[in-house]
Amino acid sequence: MGNADTKLNFRKAVVQLTSKTQPIDASDDSFWDQFWSENVNNVQDVFTLVPAPEIRALREEAPSNLATLCYKAVEKLVKAVDNSCRTQHEQQTVLNCVRLLTRLLPYIFEDPDWRGFFWSSLPGQSEDDGEDQSMPLAQSLINAICDLLFCPDFTVAGSRKVGPDKAEDLQAIDSCEYIWESGVGFAQSPPRYPHLDANRTELLKLLLTCFSETMYQPPVDIHTSPNRWIQYYTSAENRHALPMFTSLLNTVCAYDPVGLGVPYNHLLFSDSLEPLVDTALQILIVTLDHDTSGGGGGGSGATEGEEVSVPDNLFINYLSRIHRDEDFHFVLRGFTRLLNNPLVQTYLPNSTKKVQFHQELLVFFWKMCDYNKKFLYYVLKSSDVLEILVPILYHLNDSRADQSRVGLMHIGVFILLLLSGERNFGVRLNKPYTATIPMDIPVFTGTHADLLIVVFHKIITTGHQRLQPLFDCLLTILVNVSPYLKTLSMVASTKLLHLLEAFSTPWFLFSSPTNHHLVFFLLEIFNNIIQYQFDGNSNLVYTIIRKRQVFHSLANLPSDYGTITKSLTKRTRRHLPSATSTENVRDLPSMEGSHPALPAEPGTLKATLPDTPGIDKMTEKESAHPSPHQLSELTISGQTNGIKNSEASLVQASATQSVPTSNIENPRQGDGEEIAKSKSAPVTPGSPTPSIHSTASTRSASGRKHSESSTSGGGGIPRSVSQRQSIRLTDANSLGQGSGSGQWIPTSDWVNSWKTKLPLQTIMRLLQVLVPQVEKICIDK
């Protein structure tokens with residue numbers, strides 16, 4: 001009953017704040033103490049008893065009362081630090097103040113006039129306070145939070161058995177001795193207590209709420225003024241910066257959600273560590289995203305003439321300086337353990353705990369590779385790189401039709417793009433894939449490279465429309481790894497040819513000024529495999545022979561204006577039934593890219609590519625965009641239909657005897673050490689179309705960059721070189737025409753400008769040599 005009365009008093013105090021016409025005296029402690037009463041003991045009570053409309057009304061109608069409430073709450077935290085927060089009563093008061101501030105801060109950030117409140121000097125200070133008078137309320141709050149995060153017996157286990165009268169001074173404590181978890185820079189394993197984890201979590205959530213001010217600012221202001229909360233927290237002015245960073249990093253990377261593996265233990269016992277790890281991960285991401293050292297320092301300009309320079313972000317500094325192999329191993333094992341957790345299959349359904357912060361993990365992994373290149377190289381030389389690849393592919397496949405997870409799709413693709421720029425990643429892809437992960441993809445027996453191709457094909461063919469800008473990134477990843485792929489399965493080979501067949505249809509090529517780039521990428525993939533890994537890829541060569549009409553049609557693509565107009569007109573008139581969705585597809589008759597993206601329902605599957613004519617028996621059904629009639633001219637002639645899949649193994653034997661090495665270069669097939677004998681042409685971003693016959697396109701997360709690979713005899717494989725920039729894709733400007741209304745109009749000159757550069761010579765030579773031999777073998781059989 002007493003607890004109910006206390007909550008009632010709390011509620012009455014909230015009502016009084018908004019109803020009082022006169023400001024409530026800040027010295028009336030009996031009134032203000034009701035807000036951090038000891039009997040209000042959980043965050044749900046605070047959020048329920050302080051509703052959002054009343055906070056906004058308090059902000060508008062009684063701003064002085066809101067200001068006093070915030071000030072008194074921060075004052076309580078500061079006093080608790082001064083007293084070392086040694087008693088149970090003080091600790092409960094601190095938690096209630098933290099919960100109240102967590103509730104109030106978002107509504108203060110909503111109003112532009114209130115955002116500077118926490119950065120003003122504290123009210124009621126005398127002139128003889130000296131330096132403390134200039135300390136803003138925000139700095140006092142952050143200092144108090146950081147001190148409390150290393151408070152013995154409140155957030156960390158006490159190292160000395162001392163009584164409450166001899167508690168350590170929090171403002172003088174060496175917090176490096178109280179790092180939360182062993183790992184990077186700390187070898188001891190402190191004891192773990194659930195109530196300490198819960199207290200840390202509440203303090204970190206308040207810290208995260210403080211950092212959220214950026215969410216309420218207009219985009220223009222974000223680039224001109226840095227987030228002062230994060231700036232102070234990650235600066236040298238925060239004496240806890242190093243132990244804070246180390247504690248957050250080690251807490252995340254040491255977390256094992258499965259533990260001893262006892263089935264269903266997560267249903268019997270609550271896990272106090274998961275909310276802490278989730279919040280710590282978000283704190284790390286937010287702080288590492290605040291880069292003031294380079295181009296992001298637009299806020300270093302004096303917006304109000306107050307600051308001339310922005311202090312360095314110590315969190316980024318500490319992250320970039322990690323260098324020991326044992327530390328890298330600890331961090332990488334943490335990533336792989338947590339990323340693979342949702343993929344773990346057990347005989348007992350739902351018997352193991354599944355974590356749900358995989359998107360945050362991928363962002364943090366990106367930041368780690370971005371700021372610490374030594375870690376990136378360690379990942380690439382480690383066999384665990386495939387333990388990163390597989391969960392990324394799982395989440396990409398699982399998220400491809402859900403628009404709410406488009407951010408997850410982007411970060412996953414950008415990580416793979418970053419990894420694909422290194423030779424070791426391509427070599428590792430040849431490891432056989434034997435895992436049993438629940439993905440709706442065709443069953444195949446092959447390598448991780450086959451898994452990569454099959455998942456990318458699935459994303460392109462059944463993903464929603466907002467993924468269309470990622471198509472060239474997906475194909476660039478395949479271009480970068482293609483020189484190292486020793487043996488592609490028949491399923492993967494079929495998928496690659498399916499993509500080429502769909503992307504090379506005239507209406508698709510003519511419908512956008514950049515669609516032909518996708519064909520260039522696919523042709524480069526084929527060329528790289530033929531030139532560098534020919535001996536082991538009989539499945540791909542056989543599939544190319546079966547679908548040779550696609551290449552002939554591409555080489556003979558009409559470029560006259562009449563045919564171009566006819567192709568586009570025929571396409572716009574024809575509406576196409578969907579093979580996989582019974583829902584209304586409305587007016588989506590064309591492939592993505594030919595029209596601006598339309599909104600899609602989250603979770604719906606909107607196919608973008610057709611069934612593969614002639615190969616549909618070797619692959620699962622994909623829904624159609626181009627009709628079978630439109631693609632009928634691309635199907636294989638009658639004589640090819642007699643060739644059976646079981647004869648693919650005969651291609652390799654005849655090919656090794658008859659293909660001239662002068663036309664199809666076939667260097668040593670191992671790991672690709674001596675591959676770069678082909679001539680490569682430097683590519684500039686301004687060129688109408690990349691010369692992709694022998695030069696691998698370079699793609700960074702900031703956009704499209706083309707590498708100028710060496711043309712000398714001993715050069716290495718042309719590959720991607722990803723650099724740290726903002727994550728953004730830039731559209732390539734192609735040679736073409738535009739109408740006055742901005743609608744794309746293809747011209748004959750535009751088609752000829754890239755058609756003559758199609759790198760078809762290698763494939764045509766292969767077909768010229770092998771097709772007669774394979775036909776002869778079939779006839780003899």
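Remark on the stretch 359-514: ratio of C-alpha radius of gyration to 2.2 N^0.38 Å is 1.02. Taking the number of Cβ atoms within 10 Å of each Cβ as an exposure proxy, the fewest-first ranking of 215, 764 is 215, 764. Farthest toward the positive end of the dipole of the stretch 358-400, out of 362, 391, 380, is the Cα of 380, where the dipole comes from beta carbon charges about the Cα centre.
Taking label points 7 Å from Cα along the Cα-to-Cβ direction, residue 113 and residue 27 give a separation of 2.9 nm. For the stretch 138-241, the Stokes-Einstein estimate of translational diffusion at 25 °C and a viscosity of 0.890 mPa s comes to 159 µm²/s, using the Kirkwood hydrodynamic radius over alpha-carbon pairs. Among 107, 371, the order by Cβ neighbours within 10 angstrom, fewest to most, reads 107, 371. For the stretch 488-558, the relative contact order is 47 percent, taking Cα pairs closer than 8 Å that sit 6 or more residues apart in sequence and dividing their mean separation by the residue count. By the count of neighbouring beta-carbon atoms within 10 Å, fewest first, 512, 383 end up ordered 383, 512. What the pair-distance distribution of the stretch 456-513 shows, using all Cα-Cα distances binned every 10 Å from zero, is 18, 53, 25, 3 percent. Ranked by the mean number of other Cβ atoms within 10 Å of their residues, highest first, the peptides 495-501, 414-420, 354-360 come out as 495-501, 414-420, 354-360. Amide H contacts of residue 433: 446, 447, 448, each under 5 Å away and 5 or more positions distant or on a separate chain (H built 1.01 Å from N in the peptide plane; Pro and chain starts excluded). Of the peptides 407-413, 44-50, the order by per-residue mean of other Cβ atoms within 10 Å, starting with the highest, comes out as 407-413, 44-50.
Bear in mind these aren't lab numbers, they're just calculated from the coordinates by the rules spelled out. Given the structure is predicted, the values throughout are model-derived calculations rather than measurements. Here Cβ is always computed from backbone atoms with ideal geometry, including for glycine, and neighbour counts include all displayed protein chains.
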